[in-house]
1. Pick from VAL208, VAL235: which is part of a loop (DSSP other than H, G, I, E, B) and either free of Cβ contacts under 8 Å to residues at least 60 places away in the same chain or surrounded by fewer than 19 Cβ atoms within 10 Å (Cβ to Cβ) (or both)?
2. Which of the residues that make up region 370-401 are within 22 Å of ASN448 (Cβ to Cβ) and assigned to a loop (DSSP other than H, G, I, E, B)?
3. Quick one: count up the residues across region 297-346 that are among the hydroxyl-bearing types (Ser, Thr, Tyr) and either assigned by TED's automatic domain parsing to the domain that holds ASN448 or in a loop (DSSP other than H, G, I, E, B) (or both).
4. Which condition number does GLU359 fail, the rest of (1) modelled with pLDDT of 95 or more; (2) surrounded by 12 or more Cβ atoms within 10 Å (Cβ to Cβ) being met?
5. Residues of region 495-523 being in contact with a strand residue (DSSP E or B) (Cβ under 7 Å, 6 or more places away or on another chain) and within 20 Å of LEU560 (Cβ to Cβ), which ones?
6. Can you say whether ASP170 is surrounded by 13 or more Cβ atoms within 10 Å (Cβ to Cβ), at pLDDT 95 or above, outside the structural domain of ASP232 (by TED's automatic domain parsing) and in a strand (DSSP E or B), as far as the supplied structure shows?
7. Filter region 367-388 down to residues that are farther than 30 Å from THR535 by Cβ and surrounded by 18 or more Cβ atoms within 10 Å (Cβ to Cβ) and give me whichever is nearest to the chain's Cα centre (by Cα).
Amino acid sequence: MNPARGTTAAVSSALALATAGALLTAVAAPASAATTCTSPVYKRQFFTNTTFSGTPKKTDCDSAIDQNWGSGAPASGLPTNNFGVRWSVTRDFGSGGPFALAASAQDGIRVYVDGVRKIDLWKNVSSTVSKTVNLTIPSGKHTLRVDYVNWTGSATVKFTYAPRTSSTVDEVKPLVPTGTAVTYDQTAGTAKLTWSKSKEMDLAGYRVYRRLKGTSFGSKALATTTSTSYTDTTVPVTGDTYYYEVRAYDKAGNESAGTTDQAVTTVDRTAPAAPTGLSTDSGTSGLRTAWSAVTGAASYRVYRADSASGSFTKVGSTDQVSYLDTSAVEQVTYYYRVTALDAAGNESTRSAAVSGEREDLTPPSAVTGVTVTPTEYGFEVHWDANPTPDLARYVVRRGELWGDEEEKVCSLSPGYYLSADTTSYAYTTVPDGEESCFIVDAVDDAWNSSFEWTREAQVVVATELDMTPSVATPEGSPVELTATADEGHVALDWEPVADATGYQVYRWNPGTKAYEKLAAVSETAYTDTTATQGTTHYYWVTALYADGTESAPGADGAALRP
C-alpha cells in the first residue's frame, strides 16, 4: 500500500514507482512523462470528482489497496469529500481458475474484471460495507480495475483477490512449465534441470520425474522443489540414457502435464555394489569390522567416524572381508562404513554404518599403601591414591581369616564402594576383639577390578579393640533389642513385651563400668541423641511390670563414626 501524501510545488511532478523484488522505490519522473507501474503493482489515479472525469489530479503506484484516509484528503490538492480514486493492473493469471474477490469501503466501490463489473457497492454510507465474490478467471492476462468514491464523511477502502485453493473447488491444472533445459556434468556425474518460473498464483511447487530409456515415468516424483532448478546427484553413471520432465502442481493438488522430455547420456563409471552385512567384534588387539563379500570387488576401503552423522575418514584397505582397527581406543564408540572397489578402481557407495566399541580389558593397577587402624568404632582404613586414568571407584573389603597359624586364608565379604577421589574409609563394626583381614580394590569405569583380574592385593590383618562391657548380660530376657547407628545418634527398638507397663533403657558407662539408667519409656523405641561420636555404645532394655518387678535385660550395641 502506498498512502498518498501532499507535496510542495518544487516536487509536485508525477512519481513513477519501480519495483525491486518485493520493495517499491519512489523514482522522480518528468511532469510530462506517463506513470507506469510494474505488474502486479497497481496504477492509482486521484480525481477531484466522483465521476472520474477530466485529468487525474495525481497518478502514482500502489502495491495494495488498503487505505484509511479518515475525514482528510487522500492527497494534496484533493478535497476531503466528493473525490474518486481508481486502481488498475494487468497481470498474468497463469491457468486461471476459481478466485475470491473481496471488497470493503466507505463509501462506494466497484470492481471490474476485463471491463466487466463484478462487485457494485455504489452508495453513500455511514459505515463500512463489504462483499466477496467467487468467480472463475480464465487463463492468461486480465485487467483488474477498482473504482472508489467518497461523497461525505470518513474514507476507507480495501480490496484483495486470491485464488481459492480448496481441492473441492479448484480442479484447474496448472500450465505446463516452459523453458526446460538440462545439462550434464561428466566429472561429477550429475544432471542439472532448469525451467522458467510459473505464473500460477496458487503454485505450490514443481515435481521432477526421471525414467530410463525404454521405460515409462513412474507415479512417484524423483524430487519436489519450489525452486526453478534441480540437480540430480543420483542418476546412475552406467552409460545409459535417462529422460527428465517437470510438472507444476498447485495448492489444491492439481498437477500439470509434463514438459518435453529432456535427455542425458551418463558416463560409464559403474562401481560394485556397496558391502552389506557389517558387524563389529572387540578383541584384545583392536576392533574388527566384517562384511559380506561383494561380487566383482577386488578390494575394500574402511572408513571411520566418531558419530553416525560425523565425517568418515579412511582408516585402512584390505582384500579380505574383514579389517582389524588397531588404532581404536578402548571404551570409545566408533562408526564404520565400507566401500568395494573393482579392478578398474571404481569405488562403490559407502555401506550403511555399523557401530562398535572396543572393550576396556585393562584393569587398574593394584592399590598400595593400605593401612588399617583399630578404633573404638571399628577400623580406620587408609591407602595411597591409585594413578589409573580411568579409575572410577574403590572397594573396601573385610574378611575372616581361615586356616592355621602357618597358612591363613582371607575369606572376603562383599565390600563398600567409594568414590575415586577418596583414600580413606571409616569401617564401622561393634569391636569385640576379633581378628580381621582387609583389602582395597581399584575398579575402572568399565568395571574392571584389579583384584578380580589378578587375584592379587595387599592384605592387611588387624585385630579389633575389645569394647565389650565387663558386665555380662543375663540370659532369658523377653526383650529382643536392636541398636542401629543413624546420623549421629543411636536408634533402639524392640517388640512389645506381654503385660509390660513400660521399659527401662540403660547405657554402658566404660568409666564406671556399669549399665546406667538412661530413660524410662512407654513406647517400644528410643533414640539416644546424647551418644558420643567415634565410639561404640552398648545398651540394655528391660520390661517393667505393674508389681514393680523388672525383667532380665535385652542387649545390643552400635558403633558411631566420628
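1. VAL235
2. Answer for region 370-401, where residues must be within 22 Å of ASN448 (Cβ to Cβ) and assigned to a loop (DSSP other than H, G, I, E, B): VAL370, TRP383, ASP384, ALA385, ASN386, PRO387, THR388, PRO389, ASP390.
3. Going residue by residue through region 297-346, those that are among the hydroxyl-bearing types (Ser, Thr, Tyr) are 299-300, 303, 307, 309, 311, 313, 317-318, 322-323, 326-327, 333-336, 339.
Narrowing the set further to residues that are either assigned by TED's automatic domain parsing to the domain that holds ASN448 or in a loop (DSSP other than H, G, I, E, B) (or both) leaves 307, 309, 311, 326-327.
Here the count works out to 5.
4. (1)
5. Residues satisfying the conditions are VAL505, TYR506, ARG507, TRP508, ASN509, TYR515, GLU516, LEU518, ALA519.
6. Judged against the criteria, ASP170 is not a match.
7. Of everything passing the filter in region 367-388, THR388 is nearest to the chain's Cα centre (by Cα).
For (1) modelled with pLDDT under 95; (2) more than 54 Å from the chain's Cα centre (by Cα); (3) within 20 Å of PRO98 (Cβ to Cβ), each residue gets a yes or a no:
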| position | (1), (2), (3) |
| --- | --- |
| ILE119 | no, no, yes |
| TRP122 | no, yes, no |
| VAL129 | no, no, no |
| VAL157 | no, no, no |
| ALA162 | no, no, yes |
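The values are calculated or read from the model by the stated rules, or taken from the named source; none is laboratory data. Just so you know, these numbers come straight off a predicted model, no measurement behind them. Don't worry about glycine lacking a Cβ; one is built from the backbone with ideal geometry, like all the others, and counts go over all protein chains shown.
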